[in-house]
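The values are calculated or read from the model by the stated rules, or taken from the named source; none is laboratory data. Nothing here was measured: the structure is a model prediction, and the numbers come from that model. Counting neighbours? That spans all protein chains shown, and the Cβs are built from the backbone with ideal geometry, glycine included. Side chains included, ligands, DNA and RNA excluded: accessible areas come from the protein's heavy atoms. Shrake-Rupley method; radii C 1.70, N 1.55, O 1.52, S 1.80 Å.
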Amino acid sequence: MRLVVIGAGMASGRMLEQLFEAGFAGEVTLFNGEPRGNYNRLMLSPVLSGEKTYEQIITHDDAWYAAHGVVCRFGEHVTKIDRERKVVTSRGGETPYDALVIATGSAPFIIPVVGKELPGVCTYRDLEDTNAMIAASKPGAKAVVVGGGLLGLEAAAGMAARGAEVTVIHLMGHLMERQLDPSAGYLLQKDLERRGIRIHCKGATKAILGSDRVEAVLLEDGTVYDADLVCMAVGIRPESRIATDAHLEVGRGVVVNDQMQTSDPAIYALGECIEHNKQLFGLVAPLYDQAKVLAATLMGAEAAFKPVQTATKLKVTGVDLFSAGDFADAPGREDIVFRDPGRGVYKRLVLEGENLVGAVMYGDTADGSWFFDKIKTGEDVSAIRETLIFGPAFQGGAQADPLAAVAALPPEAEICGCNGVCKGKIMEAVSGGANTLDTVRVQTKASASCGTCTGLVEKVMALTLGDSFTANANPPICKCTDHTHEDVRRLIKAQGLKSIPAVMQDLGWKTVGGCASCRPALNYYLLSDWPQDYIDDRQSRFVNERNHANIQKDGTYSVVPRMWGGVTTSAELRAIADAADRYAVPMIKVTGGQRIDLLGVKKEDLPAIWADFNDAGMVSGHAYAKGLRTVKTCVGKEFCRFGTQDSTGLGIKLEKLLWGSWTPAKVKLGVSGCPRNCAEATCKDIGVVCVDSGYQISVAGAAGMDVKETELLCTVPTEEEAMEVIAAFVQLYRENARYLHRIYKWVAKVGLDWCKAQIADPVTRRDLHDRFMQSQSVYQTDPWADLAQRPADWAPIADLTLRAAE
Ligand SMILES: Cc1cc2nc3c(=O)[nH]c(=O)nc-3n(C[C@H](O)[C@H](O)[C@H](O)COP(=O)(O)OP(=O)(O)OC[C@H]3O[C@@H](n4cnc5c(N)ncnc54)[C@H](O)[C@@H]3O)c2cc1C
Ligand code: SF4
């Protein structure tokens, strides 16, 4: 069978998975308007807020399509269906089909106001929209989001997390009025306002102002909001034009029967583009049910689509919101309401007779699945009415227990709404050997879409596995928190946390002041993420960094002045010799990184010896720092007959560019003038090997506990480009790596291909470089100079508790 699919979105993606799982043997041609295959559209919001990258949300990559023999026609719109001849037309010509699937999704609705076509006006549907918002969300930029529904608020929160000043204009009296009642809408508004997002309810957009591009938004009441970007998130419409043109039956969407068949028996449709029993669909859960039915139909099996209730969650980190069922006021309905203003918790249950018909929860949504299950099953709840609002933990006199809510759910209770995965299926997978979250995700798809049910899935795993359950193969930073390094890095950015107390308060630290493991990590993450706002907390550094020298086993210190590129002068050597005599330095040693180390300096002599070096024009070599250590060079073409470029000169420039940049762990560089590699550049964190045509930049080498050769990042023709690439790469490492992970460990985790892609993209590379330079403008200072000028202020920190973790 020749199967042609129009649209490589979430619905058709799932349908193809099901089809291949069932052993489909036909030919598949997949067209997509977007220039890419299927990705998890739900997760565009975490991409927008910076919590995920696009690469992390790809559902089917090139290898997947190739493995299943799918002919991919991405970036190619189907413009016509010829039902007589059974062919579709696209830019590439005609493609015949035996069966055709329309899965064209929705088109965002644009309100027909003056100025809607101005550059700077976007919608929120795909990666292009997301990238446009990311590009516009520079700190201080002004963004206006029209629409305070699910998508509008996720767009607003994402742009605000990137530093933009965001205003949301919403036509109705409270936010997300289709999912929330006014009380929950009010709490949501307060939460968003606390994050600096301005909310204007009852606001009707009259015009978008601007001459060459958008400049402001004018409301009917005369209010004007300045805007560098306007995002319209006011609703969607089924993308059914191609079906209308082909004279298929189309109402508000492409009309299908229970088997997902359109009015033409050879043409099927699924996803947001369809209309089934007069109903449209805008959430992914029912689309996945449609996918299952259509795959079965195409395989000749019997199946029928029956829409089920859906629940809504907002994917804004830190906002806990749940809504399911019907909560409109109606005769014969009663409300049960619970409020805890101190914790910002609000719960409302709507009862009709003996049944629960709606639930709205804000601030504490742990029992959402339990209530949702009661709504779906229509179970008689009159016997537990008194305690219903307190959730399953309180039913039948059970003591409050974090797992009780999940334990009380029946096996058929839905845990993952997006993928329709019930508790029993997860328990079955776990009993069958899936004992990590990742394996459960792969086997059941639970928590693989929007991810908001991850906690619930883990609870089901904990129930099934008992004591042998480890919540996360990636352990928490330390005993002070349940968060992993990755969580903390993500949440610091997403929630705009700019101080150690803010992180500890908002991320629920279990100890008062943290410990030797978490404090240095938090200090580094904050320094790296908010170079302009965060003030380095010296108390949260390891002892060497606090004392700006490397403590030795006898309690003395080693002092290493910086020697740019390993080059020195007779004056510097004299200064070193004089200092060695003056402070009775017992050993002077040349280091492996081509520097001179004065070992055995007494603690009380440190400020004076630094002052002497500063007077001789030398600065700290940071030989103790999680930062740039040394750039080792060879003599290069100036003296060596094999040299192809000025490797010494480039080494000096690189050291002057990178010194003083705090990094997750120490960073060492090498620059060799030719592939003979006398500077041993190919076992450094970053190595440059000069060749006739330019500079080979390789990364992720190691020559310590582990020994590893570097891997090629890229080759560039000029010294300027080499400097830009290296600064951008260091910034990529600074922004993404876990504290204390050397570059080779981090690259092994994120993948060299990902690093290459970031650096290869000129815009990303430039942005990384610029952020690096911005950070250097704050941090590139000599710690010795500061302290040497104020020796009276300087007291080596007596509390050495942080030394243990070093
Ligand atoms: C930012 C965002 C967040 C969301 N969050 C959630 C959430 O938390 N929970 C939830 O349940 N749902 C969420 N949704 C909705 C969910 O993503 C959609 O319901 C789902 O993607 C629809 O799937 P689909 O396959 O019907 O359409 P899509 O995924 O939109 O795919 C349709 C594809 O068809 C292509 N196409 C259209 N016309 C043509 C043509 N003529 N020729 C070729 N290709 C064509 C388009 O380019 C598109 O790639 C969210 C949506 C967005 C945009
Ligand atoms: S690496 Fe090449 S250029 Fe540099 S010193 Fe060795 S042989 Fe000479």
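How big is D, in µm² s⁻¹, for segment 533-651 by Stokes-Einstein at 4 °C and 1.567 mPa s if Rh is the Kirkwood radius over C-alpha pairs?
Details: Rh = 15.5 Å.
Diffusion coefficient, whole number: 83 µm²/s.
Taking R0 as 22 Å, what FRET efficiency do you get between THR244 and ILE110 from their Cβ-Cβ distance, rounded to the nearest 0.05? FRET efficiency, THR244 to ILE110: 0.70. For the chain, averaging the sequence separation of C-alpha pairs within contact (under 8 Å, six or more residues apart) and dividing by the residue count gives a relative contact order of 7 percent. Ligands, DNA and RNA excluded, the heavy atoms of ILE686 present near 0 Å² of accessible surface to a 1.4 Å solvent probe.
For the pair ARG339 and GLU193 in one chain, pulling the backbone fully straight at 0.36 nm per residue adds 50.5 nm over the alpha carbon distance.
Based on protein heavy atoms only, segment 611-765 ends up with 39 Å² per residue of surface accessible to a 1.4 Å probe.
Ranked from highest to lowest mean number of other Cβ atoms within 10 Å per residue, what is the order of the peptides 58-71, 247-260, 165-178, 766-779? Before the final figure, lay out the partial values.
Details: 58-71: 14.6, 247-260: 18.9, 165-178: 20.4, 766-779: 16.9.
Peptide ranking by packing, descending: 165-178, 247-260, 766-779, 58-71.
With 21 Å as the limit, the listed pairs LYS306/LYS374; LYS626/LYS668; LYS602/LYS653; LYS425/LYS445; LYS423/LYS749 have LYS602/LYS653; LYS423/LYS749 beyond it between alpha carbons.
Measuring nothing but protein heavy atoms, the accessible surface of the chain at 1.4 Å probe radius is 51 percent carbon and sulfur.
Rank by packing, highest mean first: peptides 644-652, 203-211, with packing defined as the count of other Cβ atoms within 10 Å averaged across residues. Walk me through the numbers before you get to the answer.
Working: 644-652: 22.8, 203-211: 17.3.
The peptides rank, most packed first, as 644-652, 203-211.
A Förster radius of 60 Å, combined with the Cβ-Cβ distance separating ILE384 from ASP533, puts the computed FRET efficiency at roughly 0.75.
Which shape class, rounded, prolate or oblate, goes with segment 515-586 when its Cα gyration tensor gives a ≥ b ≥ c as root eigenvalues, a/c under 1.5 marks rounded, and past that a/b bigger than b/c marks prolate?
oblate
Taking 0.36 nm per residue of separation and subtracting the Cα-Cα distance, full extension of the segment from LYS745 to HIS77 would add 236.3 nm. Kindly identify the chain as rounded, prolate or oblate by the Cα gyration tensor criterion: order the square roots of the eigenvalues as a ≥ b ≥ c, call it rounded if a/c is under 1.5, otherwise compare a/b with b/c, prolate if a/b is larger, else oblate. Prolate. Round to the nearest 10 and give me the degree value, 0 to 90, for the angle of helix 182-194's Cα axis relative to the longest principal axis of the chain. Taking Cα atoms only, the helix is inclined about 20 degrees. Annotation for segment 186-227: GluC sites (Glu not before Pro) lying in DSSP loop with at most 12 further Cβ atoms inside 10 Å of their Cβ are GLU220. The trypsin sites (Lys or Arg not before Pro) of segment 451-553 that DSSP puts in a loop, and whose beta carbon has at most 16 other beta carbons within 10 Å, are LYS479, LYS498, LYS510, LYS553. Sites listed here are GluC sites (Glu not before Pro) in segment 693-722 whose DSSP assignment is loop and whose Cβ has at most 15 other Cβ atoms within 10 Å: GLU709.
Ranking of VAL635, VAL47 by solvent-accessible surface, largest first: VAL635, VAL47 (1.4 Å probe, protein heavy atoms only, all chains present).
Which order do the peptides 522-532, 350-360 take when ranked by the mean count of other beta-carbon atoms within 10 Å per residue, highest first?
Working: 522-532: 21.4, 350-360: 19.5.
The densest-packed peptide leads the list: 522-532, 350-360.
Solvent exposure of segment 1-50, expressed per residue, is 28 Å² of accessible area, with all protein chains present and a 1.4 angstrom probe.
Oblate is the label for segment 656-722, because the ratio a/c of its alpha-carbon gyration tensor axes (a ≥ b ≥ c) is 1.5 or higher and a/b is not greater than b/c. Using a simple spin-label model with pseudo-atoms 7 Å out from Cα toward Cβ, ARG676 and ALA757 lie 4.1 nm apart.
Placing TRP610, TRP509 in order of accessible area, with the largest value first and a 1.4 Å probe, yields TRP509, TRP610. Per-residue ellipticity at 222 nm, computed for the chain from helices alone with -39500 (n - 2.57) per DSSP H run of at least four residues, works out to -9000 deg cm²/dmol. For segment 561-696, the relative contact order comes to 22 percent (Cα pairs under 8 Å, sequence separation of at least 6).
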